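The structure under discussion appears below in the form of structure tokens.
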Amino acid sequence: MKVLNGHTEAITRLVFSHDGRTLASGSKDGTILLWDWEKVVNSE
């Protein structure tokens, strides 16, 4: 299990790119963050 820090309020949407390399998260704080999924999975 991984914790992705960055949003200040609840996440309302998660979607992977078609190639599975990028995860986009949308939050009630009005932000959208893009995550490099390979880096997330391989981080300690």
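Please treat every number below as a calculation from the coordinates, not as lab data. If you're wondering where the values come from, they're calculated on a predicted model, not measured in any experiment. We place every Cβ from the backbone using ideal geometry, glycine too, and count neighbours over all the protein chains shown.
Data for the structure
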item: Cβ-Cβ under 6 Å pairs, at least 6 apart or on other chains, region 1-23 side part of a strand (DSSP E or B), far side among the small types (Gly, Ala, Ser); result: Ile11/Ser25; Ile11/Ser27; Thr12/Gly26; Arg13/Gly26; Leu14/Ser25; Val15/Ala24
item: Residue tally, condition over 10 Å from the mean Cα position of the chain (by Cα), at negative phi and loosely packed, with under 11 Cβ neighbours inside 10 Å, over region 2-39; result: 7
item: Neighbours by Cβ (under 8 Å, 6+ apart or cross-chain): first from region 27-44, among the small types (Gly, Ala, Ser); second surrounded by 11 or more Cβ atoms within 10 Å (Cβ to Cβ); result: Ser27/His7; Ser27/Ile11; Ser27/Thr12; Ser27/Leu33
